[in-house]
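Written below as structure tokens is the structure these notes are about.
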Amino acid sequence: MRSPERAAGTTLSATLAAIASMSRVRFTALGLFVASLVVNLAAQSADLTVDRIWGTADFANDFISIRWMRDGVRSSVLVREGDGQNLYLVDAATGSRELLLRGADLVPPGAPEPLSIEGYEFSADDSKILIFTDSRRVWRSNTRGAYWVWDFSERRLLPVGPRPGNQMFAKFSPNASSVAFVRDNDLYVADLATGLEKRLTTDGSEDVINGTTDWVYEEELDLRDAFRWSPDGSRIAFWRFDQSAIEPFHLLDETVLYPKLASVRYPKAGTPNSDVKIGVFDLATATTAWIDVGSDNEAYVARMDFTNSSTNLWLQRLNRHQNRIDLLVADVRDGSSRVVMSDTDEAWLDVHEPLWIDNGRRFLLLSERDGFAQLYLYERGGSLVRKITTEPWDVTTVHGVNERQGVVYFSGAGEGPLQRHVYRIGLDGRDLHRLSTEAGSHSAAFSPSMQFYLDTHSQAGRPPTQTLRDADGALVRVLAANDSLRARVAALDVRRPEFLQVPLADGTLLNAYVIKPVDFDSTKRYPLLMHVYGGPGSQTVRDAWGGANYLWHQMLAREGYLVASVDNRGTGARGRDFKKATYLRLGELESNDQIAAARWFASLPWVDGSRVGIWGWSYGGYMSSLSLFRGGGVFRTAIAVAPVSDWRLYDTIYTERYMRTPVENPDGYEKGAPLTYADRLEGSLLLVHGTGDDNVHPQNTLQLVDRLITANKQFELRLYPNRTHSIAGPGIRTNLYTMLTDYLKRTL
């Protein structure tokens with residue numbers, strides 16, 4: 001389960017310059033006009049409305065997306081100039097750039113205009129570029145479209161196959177002579193010299209998927225692209241899913257004359273998953289070898305790739321309970337495999353891909369076995385070399401290794417769970433050093449050579465900036481100061497969030513923030529709106545820019561509300577035990593904590609305890625409804641957007657990771673379901689759902705509606721026809737948040 005979430009204008013300086021050029025305007029008149037203009041523009045810049053937040057681009061980041069080249073000292077950047085797109089190479093150290101590809105040259109034969117570049121990848125030797133265009137959405141992302149190749153030496157555009165289109169996840173062979181892709185659930189290879197394509201698998205159908213994944217693997221294991229070239233280009237390894245045992249879930253489109261069904265193979269908790277195999281297609285013999293992934297046909301193959309050899313694969317196998325993960329190495333010639341090492345946990349394990357180093361002879365792996373997510377170094381055969389990081393805080397992301405210098409770069413919560421910083425440490429476990437210096441949250445994108453990294457930094461209430469840093473963290477240059485957004489935010493004249501801790505009865509302290517009105521008076525009492533997500537490993541309380549939701553919360557604060565958020569037990573960056581305290585009991589401890597936090601806030605002299613509300617989306621919608629029902633009147637109102645109402649209705653991988661199956665844990669499912677407590681509703685409730693939500697199905701809200709009606713409880717409901725879990729689209733968010741704002745004004 002995942003959390004969902006530029007208008008043209010004249011700048012003041014440009015306007016004043018234009019006015020100053022009006023030579024025949026008298027000085028006093030000009031001065032009066034300028035003074036009036038400054039006042040009007042200042043008032044406009046301080047305006048904060050739902051329409052401005054979601055209906056304009058006033059608060060968009062001024063970033064340009066860059067992509068590192070393989071040499072690690074240059075990057076590429078796609079720039080829209082005039083009516084077209086151009087691709088530049090940028091020198092990391094100097095910032096100088098050269099034109100690499102002119103978008104106007106990308107005109108397919110017989111086409112009236114150039115391709116629109118939606119994505120691109122360079123070949124291993126940088127002689128060609130693979131261009132993705134004309135895309136369509138598949139569940140979460142636009143992953144189906146057409147692929148073309150631009151050959152730099154010959155300066156010509158080549159189609160990938162005789163009929164570009166309906167293609168997914170195309171990638172060059174290592175020698176750039178061909179391109180593999182998925183079409184209609186089968187694997188293909190297109191030869192760039194002849195233009196011909198070859199179908200590698202032949203059983204792709206509605207039931208069988210080759211080279212990409214089923215719905216639940218994409219959503220919960222973040223796996224979409226499901227095939228890999230061997231290093232020498234002689235083989236392709238791929239996932240094969242037989243989803244025939246999964247019942248389809250039907251979504252109904254009623255905006256047309258005769259309603260249409262859209263079906264999703266969606267495995268609900270405790271029901272069958274796809275049967276998964278790993279195949280390796282040999283291009284020379286046109287045969288497929290099947291890898292032995294073990295006798296447990298309910299296990300997940302979460303990750304897979306070739307090692308440094310074209311005859312060996314590594315795989316990560318996760319049992320259905322997701323409390324054991326095995327690293328296997330397989331021989332693709334006969335399909336045999338062996339377990340190299342295993343990691344286990346009494347609760348569950350998150351999937352962390354091994355980072356192979358030393359030409360495949362060693363690997364790094366994250367594990368929580370000692371209470372915090374730490375880095376461990378292993379030999380290829382599975383023997384532990386050493387634990388590299390030993391500090392009592394979580395490593396959150398591994399960026400890479402500079403093998404020549406023997407150091408690994410990573411991000412973590414070394415300054416507390418509210419912040420994220422970039423670090424390096426020797427592979428020998430010595431010389432831990434923090435690279436990022438400014439307080440707040442840093443995310444890093446290292447170059448392949450580990451010589452540079454892109455640092456995106458923000459703080460609560462302060463929009464992000466992007467800088468280029470060397471491997472020591474020293475500033476090379478500013479890439480995006482984001483001045484326009486920062487100026488607009490500064491002009492709002494609001495108070496930044498204040499961080500605090502909420503005490504529980506057992507002494508546990510929960511991290512929280514509160515946003516106060518700019519004219520806050522501690523002798524007055526204000527209504528309080530709590531924002532919650534609360535799911536396993538998540539955080540809403542971070543010293544980081546909060547985007548559109550943060551601006552909406554500030555808008556509410558300007559109208560006299562307090563807005564707070566509390567990270568309950570089960571949330572992230574506080575070690576294994578804090579995160580996994582909710583195991584088999586989703587919803588119980590988390591809602592207890594939100595209720596306790598609401599009572600604590602209500603005890604403060606500047607909070608009106610009779611006007612406390614809570615709102616959330618997805619897991620947050622689940623939490624807001626559950627907390628309202630179990631809160632005994634502590635909440636006056638709640639908003640639940642796209643909520644889970646019963647974990648029996650949600651998917652296998654996510655739900656069983658934390659709850660096991662309904663047969664194994666019936667008490668946990670019953671006690672963690674808002675449906676169980678619907679008859680306890682006190683106060684106001686607004687339910688919001690998109691009828692095209694393939695993730696948290698509208699069935700969740702409709703079953704909750706049925707239960708509330710049966711209990712003779714009054715509530716409000718807003719449905720968004722055919723909108724997905726994100727409830728997005730032109731004008732949709734403006735409509736949604738206008739409705740949410742009006743609801744809060746009426747009920748809080």
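The values are calculated or read from the model by the stated rules, or taken from the named source; none is laboratory data. In this text the structure is predicted, and so the values were computed from the model without any measurement. As a convention, Cβ positions derive from the backbone with ideal geometry for all residues, glycine included, and neighbour counts pool all protein chains shown. Ligands, DNA and RNA are stripped out before the accessible areas are found, and what is left, the full protein with its side chains, is counted by its heavy atoms. Shrake-Rupley method; radii C 1.70, N 1.55, O 1.52, S 1.80 Å.
Screening segment 528-545 for residues that are open to solvent by less than 10 Å² (accessible area, probe 1.4 Å) and within 19 Å of A638 (Cβ to Cβ) and picking the one that is nearest to the chain's Cα centre (by Cα) gives G535.
Exactly one residue among A581, A564, A548 is of a type in the set (G, A, S) and open to solvent by less than 30 Å² (accessible area, probe 1.4 Å), and that residue is A564. Taken over segment 594-641, the criterion of being within 11 Å of L529 (Cβ to Cβ), in a strand (DSSP E or B) and either open to solvent by 10 Å² or more (accessible area, probe 1.4 Å) or of a type in the set (K, R) (or both) is satisfied by R611 alone. Restricted to segment 211-231, and to residues there that are on the phi < 0 side of the Ramachandran plot and open to solvent by 20 Å² or more (accessible area, probe 1.4 Å), the residue that is nearest to the chain's Cα centre (by Cα) is E220. Among the candidates G110, G103, the residue that is more than 27 Å from the chain's Cα centre (by Cα) and surrounded by 16 or more Cβ atoms within 10 Å (Cβ to Cβ) is uniquely G103. The strands (runs of 3 or more DSSP E) found wholly in segment 282-377 and carrying at least 2 residues that are surrounded by fewer than 16 Cβ atoms within 10 Å (Cβ to Cβ) and at pLDDT 95 or above occupy 287-290, 337-344. Could you check, for segment 643-652, whether at least one of its residues is in a helix (DSSP H, G or I), open to solvent by less than 20 Å² (accessible area, probe 1.4 Å), more than 30 Å from D222 (Cβ to Cβ) and not hydroxyl-bearing (S, T, Y)? No, segment 643-652 contains no residue that is in a helix (DSSP H, G or I), open to solvent by less than 20 Å² (accessible area, probe 1.4 Å), more than 30 Å from D222 (Cβ to Cβ) and not hydroxyl-bearing (S, T, Y). Would you check if there is a residue in segment 194-208 being open to solvent by less than 20 Å² (accessible area, probe 1.4 Å) and not in a loop (DSSP other than H, G, I, E, B)? Taking every residue of segment 194-208 in turn, at least one turns out to be open to solvent by less than 20 Å² (accessible area, probe 1.4 Å) and not in a loop (DSSP other than H, G, I, E, B). Scanning segment 565-614 for residues that are under 27 Å from the mean Cα position of the chain (by Cα), under 24 Å from A460 (Cβ atoms) and not small (G, A, S) turns up V566, D567, N568, R569, T571, R574, F578, K579, E590, D593, Q594, I614.
When the residues of segment 232-243 are narrowed to those that are more than 23 Å from T143 (Cα to Cα) and small (G, A, S), which ends up most open to solvent (accessible area, probe 1.4 Å)?
Here the answer is S234.
Pairs linking a residue in segment 406-417 that is under 13 Å from H433 (Cβ atoms) to a residue that is outside any strand (DSSP E or B), with Cβ atoms under 7 Å and 6 or more positions apart or on different chains, are V407/L427; V408/I388; V408/L427; Y409/M450; G412/W393; G412/D394; G414/E391; G414/W393. Out of all the residues in segment 267-281, which are in a loop (DSSP other than H, G, I, E, B) and closer than 14 Å to D242 by Cα? Those that are in a loop (DSSP other than H, G, I, E, B) and closer than 14 Å to D242 by Cα: P267, P272, N273, S274. Looking at segment 542-562, is at least one residue closer than 14 Å to Q594 by Cβ and not polar (S, T, N, Q)? Looking for residues that are closer than 14 Å to Q594 by Cβ and not polar (S, T, N, Q), one finds none in segment 542-562, hence no. When every residue of segment 146-156 is checked against the conditions, none turns out to be over 22 Å from D105 (Cβ atoms) and either assigned to a strand (DSSP E or B) or open to solvent by 30 Å² or more (accessible area, probe 1.4 Å) (or both).
In the set L115, L100, only one residue is in contact with a helix residue (DSSP H, G or I) (Cβ under 9 Å, 6 or more places away or on another chain) and either outside any strand (DSSP E or B) or modelled with pLDDT of 95 or more (or both); that residue is L115.
Test of understanding: among L418, L485, L492, L468, which residue is in contact with a Phe, Trp or Tyr (Cβ under 7 Å, 6 or more places away or on another chain), part of a loop (DSSP other than H, G, I, E, B), surrounded by 15 or more Cβ atoms within 10 Å (Cβ to Cβ) and on the phi < 0 side of the Ramachandran plot? Give the derivation first.
Details: L485 fails: part of a loop (DSSP other than H, G, I, E, B); L492 fails: in contact with a Phe, Trp or Tyr (Cβ under 7 Å, 6 or more places away or on another chain); L468 fails: part of a loop (DSSP other than H, G, I, E, B).
Of L418, L485, L492, L468, the one residue that is in contact with a Phe, Trp or Tyr (Cβ under 7 Å, 6 or more places away or on another chain), part of a loop (DSSP other than H, G, I, E, B), surrounded by 15 or more Cβ atoms within 10 Å (Cβ to Cβ) and on the phi < 0 side of the Ramachandran plot is L418.
Does T661 satisfy the condition of being farther than 21 Å from Q539 by Cα, in a helix (DSSP H, G or I) and polar (S, T, N, Q)? No. If you go through segment 433-450 and keep only what is surrounded by fewer than 16 Cβ atoms within 10 Å (Cβ to Cβ), out of contact with any His (no Cβ under 8 Å at 6 or more places or on another chain) and part of a loop (DSSP other than H, G, I, E, B), you end up with T437, A439, P448.
If the condition is being in contact with a helix residue (DSSP H, G or I) (Cβ under 6 Å, 6 or more places away or on another chain) and either assigned to a helix (DSSP H, G or I) or open to solvent by 70 Å² or more (accessible area, probe 1.4 Å) (or both), then segment 705-717 contributes R707, L708. State yes or no: is L492 of a type in the set (A, V, I, L, M) and under 30 Å from L349 (Cα atoms)? So L492 fails the test.
Within segment 378-415, track down each residue that is of a type in the set (V, I, T), part of a loop (DSSP other than H, G, I, E, B) and surrounded by 15 or more Cβ atoms within 10 Å (Cβ to Cβ).
Within segment 378-415, the subset of a type in the set (V, I, T) is 385, 388-390, 395-398, 401, 407-408.
Restricting the remaining residues to those that are part of a loop (DSSP other than H, G, I, E, B) gives 388-390.
Result: I388, T389.
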